Amino acid sequence: MSKLRCVKGMHDILPEDMPKWHYLENCYRNLVSDYGYEEIRTPILESLDLFVRGIGESTDIVEKEMYAFEDKGNAKLALRPEGTASVIRAFLQNNLEALTPVSKLYYIGPMFRRERPARGRYRQFYQAGAELIGIEDATADAELIGMAVTFVKTLGIQNVNVQINSLGDPETRPAYRNALVQFFSKKKEQLCNDCVRRLDTNPLRILDCKVEACSIAAQEAPNVFDYLSDDAHSHFSDLQQLLSLHDVNFTVVPTMVRGLDYYTRTIFEIQGGADILGAQSTIVGGGRYNGLVKQLGGRNTPTIGFAFGIERLLLLLGDNAKESVKPTVFVAGVGEGGLERTIRVSRQLRNCNFKVEAPYKNGSLRSQLKRADKSSAVVAVIAGADEALQNAVTIRNMQNGEQQIVPLDELEPKIRELM
Ligand code: HAM
């Protein structure tokens, strides 16, 4: 029988890796809470329509990468490829707008895209994201970008490159789109098949194509800044000034477009660790998406957000950053009634907040101490029959083997002394 394995491009996250995940997730939760963000958890499965309408029919994500299927009741569903559309759906469905004029929501969770697997690119991956709903001013853009950069720096990742651009508003987009169509129509024979198709469906995406011939063809393409409205221009120049108040160094990249159709005005990416991540060195992506709430059935509401790829950050962090793991106390039982005593002592110690390992059946002291060693216990508590007569146990320092008899009511401070 062939061995069962997890799906290609998906991974188990093993207990040995968890301290790093917890460390990163806790840093993220702490930081975004300090900016007033609250957690939201949305289902992993949503109706397919949400992503088609939200992300855009002609994006790679929707066209090629989504895990979409019909369930047994013929409902068309999809595993979420990103968090933003779901958060806005939840915002509308639960009428969060009625609670506060501004919603600041964050999330951490798995996303699914059927991409070609590579280092830092998986078919199930985790994002930590944040969405700020209800503010249109560039102060919000600057604070959000500043928060993302601060997070990366808090993790100790220093060499990052923040890239920003503006895509303007839906009203000025058609003129820019037409200019791109005219420009690329003349270079059709240089473009890859996907981009020839994009000429009709989504010409902005040609600027983002990774095929070398297409990047070369795009070099002289019309500049988005020639097509921004006055408002969009001043929003973008305000943003650039405000970013310095947040200590963010940045580069303006007029050809950046991003892979989701909902963006308006500001878009940004943080790149870093190309030596480790190669082509997957975009560690955060985000931007404004002022049209999405309305598009999904709500009122016109300005919105901006970002998401990090957690695996990419962890690859950059290496083994240094992790949550400290509590040391283990092993409780061994010897003599008549030994197993029962281990249960009582273990409960006493767990009530004092110790991490405790105990045997599940009677065994020799030697075999139990071997297990204590294997579980990297710092202290072993030996609950023997003789000590029990004096309401005491023996504690053993597992580093040097020294032992002492300790009354049960002095156990907690004595163990803490050894940790
Ligand atoms: P995105 O650029 O598609 O944006 O993804 C954000 C981040 O998720 C990427 O920068 C990358 O670190 C990570 N990521 C994406 N795909 C993969 C993958 N296949 N494997 C590993 N990591 C991956 C969004 O998803 C938007 N929802 C961001 C946003 C929030 N915009 C506004 N609000």
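None of the figures in this text is laboratory data; all of them are computed from the coordinates on show. This structure is a prediction, so every number in the text was calculated from the model and none was measured. Note that we place each Cβ from the backbone using ideal geometry, even for glycine, and neighbour counts take in every protein chain shown.
What to note about this one:
- For the chain, the equivalent ellipsoid derived from the alpha-carbon gyration tensor has semi-axes of 54, 23, 21 Å in decreasing order.
- Cysteines not pairable in the chain (beta carbon separation under 4.7 Å absent): CYS6, CYS27, CYS192, CYS195, CYS352
- Range of Cα positions in region 328-418 per principal axis (Å), largest first: 29, 29, 24
- For the chain, with +1 on Lys and Arg beta carbons and -1 on Asp and Glu, the positive-most of ASN362, ILE133, ILE40 along the dipole: ASN362
- Ratio Rg/Rh [Cα only; Rh per Kirkwood] for region 1-133: 1.00
- Cα centroid separation, region 58-95 to region 203-234: 28 Å.
- Whole-number D in µm²/s for region 77-117 (Stokes-Einstein; Kirkwood sum over Cα pairs; 4 °C, 1.567 mPa s): 108 µm²/s
- Under 28 Å from the Cα of LYS8 - lysines, other chains or at least 8 residues apart: LYS20, LYS64, LYS72, LYS76, LYS210, LYS322
- Under 19 Å from the Cα of LYS186 - lysines, other chains or at least 8 residues apart: none
- Cβ-Cβ FRET estimate between LEU99 and SER364, R0 fixed at 41 Å, reported to 0.05: 0.10
- Between ILE13 and ILE343, the simple label model (points 7 Å from Cα in the Cβ direction) yields a spacing of 3.5 nm.
- Its residue count N fixes a reference of 2.2 N^0.38 Å for region 197-338, and the Cα radius of gyration divided by that reference is 1.61.
- Along its first, second and third principal axes, ordered by size, region 353-405 spans 30, 25, 25 Å in Cα coordinates.
- Over the residues of the chain, the helix contribution to mean residue ellipticity at 222 nm works out to -10500 deg cm²/dmol, using -39500 (n - 2.57) for each DSSP H run of at least 4.
- Basic side chains Lys and Arg get +1 at the Cβ, acidic Asp and Glu get -1 at the Cβ, and with that the dipole of the chain about its Cα centre reaches some 1520 debye.
- Residue with peak Gaussian network fluctuation, the chain [Cα springs, cutoff 10 Å], from ILE310, ILE164, ILE276: ILE276
- The relative contact order of region 328-418 comes to 29 percent, based on Cα pairs under 8 Å that sit 6 or more residues apart.
- Förster radius 60 Å - calculated FRET efficiency between LYS153 and ASN391 (Cβ-Cβ, nearest 0.05): 0.65
- Most mobile of ALA279, ALA85, ALA392 in a GNM of the chain (Cα contacts under 10 Å): ALA392
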